[in-house]
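Report on the structure given below.
Here, each number is a calculation from the coordinates, and none is a lab measurement. All values reported here derive from a predicted model rather than from experimental measurement. Every residue, glycine as well, gets a Cβ built from its backbone with ideal geometry; the counts of neighbours run over all protein chains shown.
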Amino acid sequence: MPPPRLLRRFSVYGDFWTRFMEWGVRHCPGWLEPLFVGGWSVVFFLVCAPQRRALVRNLRAMFPDRPPWAAWVGAFRVVWNFAWTLTDATRAGGGQDIIDWRIEGLGAFRELAASEGGGIVLTAHMGNYDLAAPVFAGRFGRRLNAVRAPEREAELQRHYEGRRKGQESEAFSVRYNAGGGMLGVELAALLAAGELVALQGDRVLFDVSPATGCLFGGEVRLPKGPFALAMASGAPVWPMFIIRDGWRRYRVRVCEPFEMRGARGERTRVMRDGIATWCAELEEVLRDSWFQWFVFEEVFTGGRGGGR
Amino acid sequence: MRADEVFDGTPRSATFWWIAKLASAGGAPPRPGVEGELPAARRGSGVETYALSSLAGLALLGVAVRWMEAPLGGWAWLFAVPGAFVLLHIFGFSWVGLGELAQRAGLLPPPARASFHGVGTGASLALAGLLSGAPLAYPWLAFVVVEALAWPLRKIWQITDEEGA
């Protein structure tokens, strides 16, 4: 029997902790912020056992040569960085201009801004993707539609929807992959209308169709949707990552685009090649910034190699 | 009104503002706009924040250990970190609550709330340190006193700067 609704609000996926954190950030003297962030990171690291185990297993699969304790320290670094990105997002979301942005891959960024027609921005759960999208959306000359998985708890979903409504503009909108199977059609229509669609390509949540890729020599489950959309629409895919470089400093890394086109009989190969290209880009970023990969589920399936 | 929107919108204490002002002989140089970079208007200083936070953390640890030593003896060290974390919340919540009440009563203007929280939390920490004989109490008290004096002085300096410009 699921726990009562009131209790679920206090779970790690509930809205209580998010609201509490946002209230704390608003009222906390800035010079005490590292103490609060550090302390709560420890609390969540200790309490959230399934997420901690998943982080440790992912890190062990990524770096099998490192000693076991390094994966535990690494898992804490992921939680610590996640806490900082949430804190920064809360401050910036409240209207404070406190974040330095830097673009890596300026050529690709300019190419994306100058390009016409639809395009898919493929990103990962890193840094502060929630924050970067509204900041840079105005530079692309067309609307950027960010697609998000809904939160597990309805209260938290309502809370975030309200917060994100304030970020929406003519240049930026948020859509939720709430099931029903119509999102793909909607996104294809947006791409055909020449708009940009931002999707996350590193995490399979809920009933999203999975595909298999290869990261760090291991088999991983990735969402199939972004690649199927790229094939169906013919739109170019721009891998883009948001990386936290330090104290209130973030970097947007824009990679060269790739396309997923091919004849009808080549669909399997095109899909495999597209996933392999994405995995190569993701792995390159994760090799240096693994401690910012905010994936709290196991992504490695245990197999070795291959992309399908 | 957000507490920290007014105090430059960044975690910058008045003490460090004065240090930066004096060290740069009257003003920080503007950051040039570099292509591919989008600088923040008020990012604050990580070094400053971590330095103050470390000092506050050590002061809290000192108070927590002193208070727990009597009932727990040597075991106090085992609970020093969680004890300090609880103390931090007690001090923090108390001053946020007092700030809210004072603001509703019209005694505290919203722009002064961040300073009120910061100085209040620091002062109660210093007082707790003095009462318990914690080792960092006096340097911490000095910081709080400087902070309490520096903020109004800083405001005067800013007004003078603006009038002179």
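Highest GNM mean-square fluctuation, chain A, Cα pairs closer than 10 Å: which of A:151, A:170, A:284?
A:170
Between region B:80-116 and region A:208-266, how many Å separate their Cα centres?
Cα centroid of region B:80-116 versus Cα centroid of region A:208-266: 46 Å apart.
What is the fewest-to-most order of B:37, A:281 by other Cβ atoms lying within 10 Å of their Cβ?
By the 10 Å Cβ count, ascending, the order reads B:37, A:281.
Can you sort A:121, B:144, A:208 so the residue with the fewest Cβ neighbours within 10 Å comes first?
Fewest to most other Cβ atoms nearby, the residues stand as A:208, B:144, A:121.
Compute the convex hull volume of the Cα atoms of the protein assembly as shown, divide it by the residue count, and report the result per residue in Å³ as a whole number.
Taking the convex hull of the Cα positions in the protein assembly as shown, it is 188 Å³ per residue.
Provide a whole-number value for the mean count of partner chain Cβ atoms within 10 Å of the Cβ atoms in peptide A:33-42.
The shielding value for this peptide is 5.
Check residue A:215: other-chain or 5+ apart residues with amide H under 5 Å from its amide H, H built from backbone geometry?
Those qualifying (amide H under 5 Å, at least 5 residues apart or on another chain) are A:220.
Under 1.5 on a/c is rounded, so check that first for region A:132-195, then, if it is not, pick prolate when a/b is larger than b/c and oblate when it is not; a ≥ b ≥ c are the square roots of the alpha carbon gyration tensor eigenvalues. All intermediate terms of the calculation are to be shown ahead of the outcome.
On the way: a/c = 3.02, a/b = 1.22, b/c = 2.48.
In terms of gyration-tensor shape, oblate.
Grab the other residues whose beta carbon is less than 12 angstrom from that of residue A:174, score K and R as +1, D and E as -1, and report the net.
Counting the neighbours of residue A:174, the net charge comes to +3.
By the gyration tensor of its Cα atoms, with a ≥ b ≥ c the square roots of the eigenvalues, what is the shape of region A:53-127: rounded for a/c under 1.5, prolate for a/b over b/c, or oblate? Let's see the in-between values first.
Details: a/c = 2.92, a/b = 1.54, b/c = 1.89.
Cα axes put region A:53-127 in the oblate bin.
Would you mind telling me the antiparallel percentage of the DSSP bridges in region A:5-304, rounded to 5?
In region A:5-304, DSSP labels about 45 percent of beta bridges as antiparallel.
Can you tell me which of A:210, A:239, A:257 moves the most in a GNM of chain A? Springs connect C-alpha atoms under 10 Å apart.
A:210
Can you tell me the length gained on complete extension of the stretch residue A:23 to residue A:66, counting 0.36 nm per residue apart and subtracting the Cα distance?
Between residue A:23 and residue A:66, full extension yields an extra 11.6 nm.
Arrange the following residues from fewest to most other Cβ atoms within 10 Å of their Cβ: A:159, B:89, A:27.
If I rank by nearby Cβ atoms, fewest first, I get B:89, A:159, A:27.
Under the definition of partner shielding as Cβ atoms of other protein chains within 10 Å of a residue Cβ, what is the mean value for peptide A:250-257?
1
So what's the net charge close to residue A:239: Lys and Arg +1, Asp and Glu -1, counting the other residues with Cβ under 9 Å from its Cβ?
-1
Report, as an integer, the average count of C-beta atoms from other chains found within 10 Å of each Cβ along A:96-106.
5
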